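Submitted below is the structure of interest, expressed as structure tokens.
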Amino acid sequence: MYSVLKGTHDVILDEARKYSYVEAVLIKVAELYNYKEFRTPIIESSDLFTRSVGESSDIVRKEMYTFLDKGNRLITLRPEFTAGIVRSMVNNKLFANMDLPVKAYYVGPNFRYERPQQGRYRQFNQFGIESCGVDNFYRDIEVISLGYNALQMLGFKDVKLKINTLGDDETRENYKGALKAYFSDKINLMCDDCKERFEKNILRILDCKVPSDIEIVKEAPKINEFLSENAKNNFQNITKALKEMDIPFEIDTNLVRGLDYYTGVVFEYQYSSSKNKNYGALGGGGHYGKLIKEIGGPDLEGVGLAFGIERLVSIMNDDELFNDIAQDLDIYLMPIGKESFEEANKLTNFLRLNGFSVEVCFENKNMGQMFKKAERRLAKYALILGENEIKDKKVELKNLKTKEQIEVNYDDLIDTLDNLIDEDEHEHLD
Ligand code: HAM
């Protein structure tokens, strides 16, 4: 027996349908905002992530699935999308050839070697967007509000949107200096990760989850005291626009996020399910001022966000936000006796080509057994086909809810079914 690898999980049957539903809603919202789909490779050169996500991030330090391929190239399974999406925009010269901003949405698996726990997997799915090439705070607003509105459309109430700004270069230099001064005589009391962050990226100390460290962080200087005039204006513009759009938010000066490419505004969507389980943030993102250039593109800025599909689905299960996810079956086709199988096979094909979902019983069962199978599959209609029916080119059609049964000629079958089964519930494949 084999089981799934630690930190991975099968998404099957109704659960898979929920994933598809959530993804479809998110894609629909992205398309309302005129984002276009990007599908980039799962494998990328390791260097891409080291440079963009950053050497001081947990992802690069300890979570990447990295291996040498047979050509001795160092390859990594993507731990996130942003770096690959921006790489593809640069490689495909979209900044030169497209009207800006280039707006991408994406869905798919990511891989991080994390300690598996509730809401945290080693293979997990993200939906996200990137808006690249125009530096205008309305572009940040568009991304933040898209995320908020998408959660509303999925049925989430009381989403907590936390936002912060990491300012501009001047702000960060001054702020880092102040943090160095504050932490220098406390760092030896803090966790090993913080000791490393102190050297490599001191901002990340603010994000530490170790309780005794949190106490020390509480008293640390806050970034808002160090914002340059530009950075202050930018952040004020963003918070003002959010208020005008009636999007509630909370400023959290300790929110720094775990990826090094952010500059300017950063944000996270948090939510506690009715079962009070903590799955971690539903999603997050921010502005990146230097990433595009870092990856070899022009000196342009971008902004994006990503949601974790697993977390969305877990919470929607807890809070019963999925209704009627069952997969419809229009017709259960019941051939009477093996002699009818050939005709049943043809008729099934014909019905499917006309856009009806059909299951057929080739297990040579009696009528009672076949009706049970039809019910178990939640079919709307049973279509009975015996030798006599085949001879007369007709079928018996039984509504499994009302138990009403009618006789229908082959020639009238599609029209009859079209009338009986709501037109918009199925699509003709012609
Ligand atoms: P992130 O915060 O690392 O950001 O991930 C975004 C979301 O992915 C998280 O809020 C969470 O829902 C989900 N997620 C992350 N790790 C796991 C895991 N191990 N298991 C389950 N779900 C997980 C990014 O990835 C950035 N690329 C977002 C972004 C896009 N920033 C700018 N553009």
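The values are calculated or read from the model by the stated rules, or taken from the named source; none is laboratory data. Here the structure is a predicted model, which means the values were calculated and not measured. Cβ placement follows ideal geometry from the backbone for every residue including glycine, while neighbour counts extend to all protein chains displayed. What goes into the accessible areas is simple: the full protein's heavy atoms, side chains included, and nothing from ligands, DNA or RNA. Shrake-Rupley method; radii C 1.70, N 1.55, O 1.52, S 1.80 Å.
Accessible area, 1.4 Å probe, largest first: how do I325, I292 sort? Walk me through the intermediate numbers first.
Values: I325 35, I292 0 Å².
In descending accessible area the options line up as I325, I292.
Rank by packing, highest mean first: peptides 396-407, 233-244, 48-59, 249-260, with packing defined as the count of other Cβ atoms within 10 Å averaged across residues.
Values: 396-407: 12.8, 233-244: 16.0, 48-59: 20.2, 249-260: 17.8.
Per-residue mean Cβ counts within 10 Å order the peptides as 48-59, 249-260, 233-244, 396-407.
Further, regarding this structure: Under a 10 Å cutoff between Cα atoms, tell me which one of K36, K365, K293 has the largest fluctuation in the Gaussian network model of the chain.
Between K36, K365, K293, it is K365 that shows the largest mean-square fluctuation.
Skipping prolines and chain starts, which residues have an amide H placed within reach, meaning under 5 Å, of the one on Y65, given they are 5 or more residues away or on another chain?
Counting only residues 5 or more places away or on other chains, the set is L77, Y113.
On full extension of the chain, what length is gained from K338 through C191, given 0.36 nm per residue of separation minus the C-alpha to C-alpha distance? Walk me through the numbers before you get to the answer.
Working: separation 147, 0.36 × 147 = 52.92 nm, distance 7.21 nm.
The K338-C191 span can extend by a further 45.7 nm.
Another question about this same structure. Using 7 Å Cα-to-Cβ label points, what is the E229/N409 separation (nm, one decimal)?
Simple spin-label model gives 8.6 nm for this pair.
I'd like to compare 161-172, 279-290, 339-350: which one has the highest average count of other Cβ atoms within 10 Å, and what's the full order after that?
Numbers: 161-172: 20.4, 279-290: 22.2, 339-350: 15.8.
Peptide ranking by packing, descending: 279-290, 161-172, 339-350.
Restricting things to Cα coordinates, could you compute the convex hull volume per residue of region 187-329 in Å³?
Working: hull volume 28.2 nm³, N = 143.
Taking the convex hull of the Cα positions in region 187-329, it is 197 Å³ per residue.
Please work out how many pairs of lysine residues in region 207-280 are eight or more positions apart (or on different chains) and have Cα atoms closer than 23 angstrom.
Lysine pairs, 8 or more places apart or on different chains, close enough: 10.
Here's a follow-up. HN-Hα J couplings of region 247-257 from phi, Karplus 6.51/-1.76/1.60, θ = phi - 60°, integer Hz, Gly and Pro as x?
Residue by residue, region 247-257 yields 9, x, 8, 10, 7, 10, 5, 8, 6, 10, 6 Hz.
Whole number in Å², please: accessible area per residue of the chain, 1.4 Å probe, ligands, DNA and RNA not counted. Walk me through the intermediate numbers first.
On the way: 22020 Å² over 430 residues.
For the chain, the per-residue accessible area is 51 Å².
Sort the following peptides by mean Cβ neighbour count (other Cβ atoms within 10 Å, averaged over residues), highest first: 201-208, 300-307, 187-194.
Numbers: 201-208: 20.1, 300-307: 24.9, 187-194: 15.1.
The most tightly packed comes first, giving 300-307, 201-208, 187-194.
Along its principal axes, what span do the Cα atoms of region 286-386 show, with the longest given first and each in whole Å?
Result for region 286-386: principal-axis Cα extents of 72, 34, 20 Å.
Tell me, what HN-Hα J-couplings in whole Hz come from the Karplus equation 6.51 cos²θ - 1.76 cosθ + 1.60 at θ = phi - 60° for each residue of region 40-50, using x for Gly and Pro?
10, x, 6, 9, 9, 5, 3, 3, 4, 7, 4
Let me ask something additional. From zero outward in steps of 5 Å, how is the percent of C-alpha pairs of region 340-430 spread across the bins?
For region 340-430, the binned pair fractions read 3, 12, 25, 28, 22, 9, 1, 0 percent.
Would you work out if region 42-191 is rounded, prolate or oblate? Take a ≥ b ≥ c from the square roots of the eigenvalues of the alpha-carbon gyration tensor; rounded if a/c is under 1.5, else prolate when a/b is larger than b/c, oblate otherwise. Please report the intermediate quantities before stating the final value.
Details: a/c = 1.30, a/b = 1.06, b/c = 1.22.
Taking the square roots of the gyration eigenvalues as a ≥ b ≥ c, region 42-191 is rounded.
Over all Cα pairs of the chain, how is the pair count split among 20 Å bins, expressed in % and running from 0 up to the last occupied bin?
22, 44, 23, 10, 1
If the elastic network links every pair of Cα atoms under 10 Å, which of I216, I390, I295 fluctuates the most in the Gaussian network model of the chain?
Its mean-square fluctuation being the largest, the pick is I390.
Compute, for the chain, the length of the dipole vector about the Cα centre, with Cβ point charges of +1 (Lys, Arg) and -1 (Asp, Glu) only. Units Debye, rounded to 20. Before the final figure, lay out the partial values.
Details: 58 positive and 73 negative charges, 325 e Å.
I would put it at about 1560 debye.
Now for a different question. Carbon-plus-sulfur fraction of the accessible area of the chain, 1.4 Å probe, in percent? Walk me through the intermediate numbers first.
Working: 10300 of 22020 Å².
Of the solvent-accessible surface of the chain, carbon and sulfur hold 47 percent.
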